[in-house]
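The values are calculated or read from the model by the stated rules, or taken from the named source; none is laboratory data. None of these values were measured; they are calculated from a predicted model. When we count neighbours, we look across all protein chains shown, and the Cβ atoms used for this are built from the backbone with ideal geometry, even at glycine.
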Amino acid sequence: MKPNLKILVTFLGVMLISAGGCRRALDINQNPNIATAAPPELLLPSAQVQIASAVGVDMQIYGSYWAQYWTQSPAASQYRNIERYSPSASDFDNVWLLLYSGALKDLQQMQLQANNLGRPHYAGIGKLLTAYTFQLITDVWGDVPFTEALRGSPSEGLILSPKYDAQSVIYDHLLRMVDTGISLMTRNDPKSPGSDDLIYHGDANTWIAFGNSLKLKMLMRMSYVDPGRVTSEISGLAGPFLEEGEDALISFSATAGNRNPLSAEIQALNYVTNIVASKTSIDSLLANQDPRIDIFYEPSDAGQIGLEQGNYNATPGIPLSLPGAVTGANTNLNTVTEIIAGRSAAVKLLTSYETYFLRAEAAARNFIAGNAQDLFESGIRANFSTYGLSDSLADAYIANSYWGQYPSGGSVEEQVRHIITQKWFSMNGTQGVEAWTELRRTGYPDFLPFSVTSLIGANRPQRFFYPSVELTRNQNFPGQKGITEPVWWDVKQ
C-alpha cells in the first residue's frame, strides 16, 4: 500500500534529512524534538520513518556486508572497518539513538495518547512496532535497557541511567507485547489510522497477520536455545500470517526529501561508490542460474562480477557489479527508470517470503503442522513475484537449481540448511540485518568465507558494539562486549 507522501516528506525533511553521519545525538530517555501532546496521527508516521531509517541505512549496510551481499569498493574507503570486523563504538551511536530516542519514544507517546483517547488500533500498532523495534535492538546488541528504558521524564520515574535487562527476559516481555498488540487490533475502532499509517493504512487484519508473523519470528529465533519453550508457545499460533503482497515496508519516491534513506545518504556523499557486489553472492547466484541476479545487482560491462569479500586492496582490472536499483544502494544507475527505482526503493521490515520460510522451518522442526516443502516453495515464488519474475521462472528455478530443490529425504538439519540459505538468497540487498542475524542463529549459509582483511582471524562478528553514548552517559552500563561474543539465542557456534 502507498503512503501519504506529504506526511512522509514532512517527517523525512524535518526529522531525518540524511540518515547518515550527521544525524543528531539525542539522550536515550528524552527527545526534545517530540511534543508529548502530539496526536497519534503525527507520532505514528514519525516512528515508522525513523525505524525505516535505522533499518534501511546502518543496519542494512552492516548486515549486507556481514551477510556478504556487498563488499567495500577498492575505489573508496568508507566501510573498510566493517570489512576488517573492527568498527568503533561511536559507529553505532546514530542507529541506537534513532531507535531509542526517536522511534520508541514516539511509539511510547502514541500509545499513551491512544489509551487516553480510546483509540485501540493506534495502541495496538504501537505495541506491535515497539515489539518489532526492541527485537531489532536486542538481536544486534544482546542485553539492553528495556524495563527502565524511555522513563527519563519525572512522570515516568526520572530514570536517566536505565538498567540492562537480559535478552531472554526481554524476549519474554516481547512475546506478551505482541499478544497484547494483536488483541487490541481485534477491537472495534471507528477512528482507526488511515494514510498516516505508512505501512498498512490502518488495515487491522493485516496488522494482525504482521503480529502473528512477528511472534513466529521471535519463537524461531529461540529454536536452538530453548526448543521446549518454542513448542509450548507456538501451539496457539494459528495465523493468519503475512501472505504475498502484504510485506511490511515503507515506500519512498524519487522526490528530494522523500527518497530511500540509503540512496539519500549516498547522494549526500557526492555519489561515491563505496559498495560493490560480493563475489560470494554473485558466484552463488550464477552457479544456480538464478534469474534474480539481475535484480539484486546491476551487471558491469563484463557481466556479473563480484569482488572477494574484504579485498578492497585489490586492483580488479575489470569493472565490478554494483547493487541493483531495488536496494537503494546504487546511485550510479544508467536509465531514468532505474534512477527512479533506486531513489524510491522500499525499506522492508518483515516480508511474506520471510514468513513462508519461517513457517517452513517451523514445520520441518515439527513445531507446527504443515508441509515444509510447500511452504519453502511458496517462499521462493513470493520472492520471485515481488520482483516481477514470472511463476514459470520460479518453477524452473525450483525444478533445476540445487538451492531451489527442497531436500525432502534429508535430515531436519539438512532441510533447515536449505530453508535458511534460500532465505539468504531472497533477502539479498533489502533485508541485510535479518540475513546476518539468521546466519548467526543457524550457521547458514555455511559457504561464506571470512573477510580477507579480517582483524579477528577466522571469526565473524556476532553483535554490534554498544554505542559510545552508553559508555559515557549510562551509569548502569555493564561494560563493552567483544564483537565475537554471541548473544543469548546464538548457541550454534
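Here is how the numbers come out for the structure above:
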item: Number of the condition not met by Gly228 [criteria: (1) assigned to a helix (DSSP H, G or I); (2) more than 22 Å from the chain's Cα centre (by Cα); (3) more than 18 Å from Ala364 (Cβ to Cβ); (4) not hydroxyl-bearing (Ser, Thr, Tyr)]; result: (3)
item: Failed condition for Asn205, given (1) buried (at least 21 other Cβ atoms within 10 Å of the Cβ); (2) among the polar types (S, T, N, Q); (3) under 30 Å from Pro120 (Cα atoms); result: (1)
item: For Ile305: the one exception among (1) touching a helix residue (DSSP H, G or I) at 6+ places or on another chain (Cβ under 6 Å); (2) within 14 Å of Trp70 (Cα to Cα); result: (1)
item: Residue in region 368-380 that is modelled with the lowest pLDDT, counting only those that are crowded, with 22+ Cβ neighbours inside 10 Å and more than 13 Å from Thr351 (Cα to Cα); result: Ile368
item: Leading residue by the ranking (surrounded by the fewest Cβ atoms within 10 Å (Cβ to Cβ)) among those in region 326-342 that are assigned to a loop (DSSP other than H, G, I, E, B), free of Cβ contacts under 8 Å to residues at least 40 places away in the same chain and not β-branched (Val, Ile, Thr); result: Asn334
item: Pairs with Cβ under 7 Å, 6+ apart, first in region 86-102 and over 7 Å from Phe465 (Cβ atoms), second modelled with pLDDT of 95 or more and surrounded by fewer than 17 Cβ atoms within 10 Å (Cβ to Cβ); result: Ser86/Leu455
item: Phe384 being over 30 Å from Trp488 (Cα atoms) and surrounded by 22 or more Cβ atoms within 10 Å (Cβ to Cβ); result: yes
item: Tabulated pairs, region 54-77, first farther than 16 Å from Arg463 by Cα, second of a type in the set (Asp, Glu) and in a loop (DSSP other than H, G, I, E, B), C-beta under 9 angstrom, 6+ apart or interchain; result: Thr71/Glu308
item: Within region 45-159, helices (runs of 4 or more DSSP H) holding 2 or more residues that are under 18 Å from the mean Cα position of the chain (by Cα); result: 58-66, 93-97, 120-141
item: Wholly enclosed helices (runs of 4 or more DSSP H) of region 395-493 bearing at least 1 residues at pLDDT 95 or above, touching a Ser or Thr at 6+ places or on another chain (Cβ under 8 Å) and surrounded by fewer than 19 Cβ atoms within 10 Å (Cβ to Cβ); result: 468-473
item: Residues that are more than 24 Å from Asn330 (Cα to Cα) and either more than 17 Å from the chain's Cα centre (by Cα) or hydroxyl-bearing (Ser, Thr, Tyr) (or both), drawn from region 428-451; result: Thr442, Gly443, Tyr444, Pro445, Asp446, Phe447, Pro449, Phe450
item: Filter result (closer than 19 Å to Leu136 by Cβ, in contact with an Asp or Glu (Cβ under 6 Å, 6 or more places away or on another chain) and of a type in the set (A, V, I, L, M)) within region 345-389; result: none
item: Among (1) touching a residue at least 12 places away in the same chain (Cβ under 8 Å); (2) in a loop (DSSP other than H, G, I, E, B); (3) not basic (Lys, Arg) - the single one Ala369 does not satisfy; result: (1)
item: Considering residues of region 343-366 that are surrounded by fewer than 22 Cβ atoms within 10 Å (Cβ to Cβ) and in a loop (DSSP other than H, G, I, E, B) only, the residue farthest from the chain's Cα centre (by Cα); result: Asn366
item: Residue selected from region 214-239 under the condition out of contact with any Asp or Glu (no Cβ under 8 Å at 6 or more places or on another chain) and buried (at least 24 other Cβ atoms within 10 Å of the Cβ), by the criterion farthest from Leu375 (Cα to Cα); result: Leu214
item: Extreme residue, farthest from Trp436 (Cα to Cα), among residues of region 264-302 that are of a type in the set (Gly, Ala, Ser) and at pLDDT 95 or above; result: Ala287
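Every residue, every condition in (1) modelled with pLDDT under 95; (2) assigned to a loop (DSSP other than H, G, I, E, B); (3) within 28 Å of Val326 (Cβ to Cβ); (4) not acidic (Asp, Glu), yes or no:
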{"residue": "Ile182", "(1), (2), (3), (4)": "no, no, no, yes"}
{"residue": "Pro190", "(1), (2), (3), (4)": "yes, yes, no, yes"}
{"residue": "Pro193", "(1), (2), (3), (4)": "no, yes, yes, yes"}
{"residue": "Thr206", "(1), (2), (3), (4)": "no, no, yes, yes"}
{"residue": "Phe210", "(1), (2), (3), (4)": "no, no, yes, yes"}
{"residue": "Glu243", "(1), (2), (3), (4)": "no, yes, yes, no"}
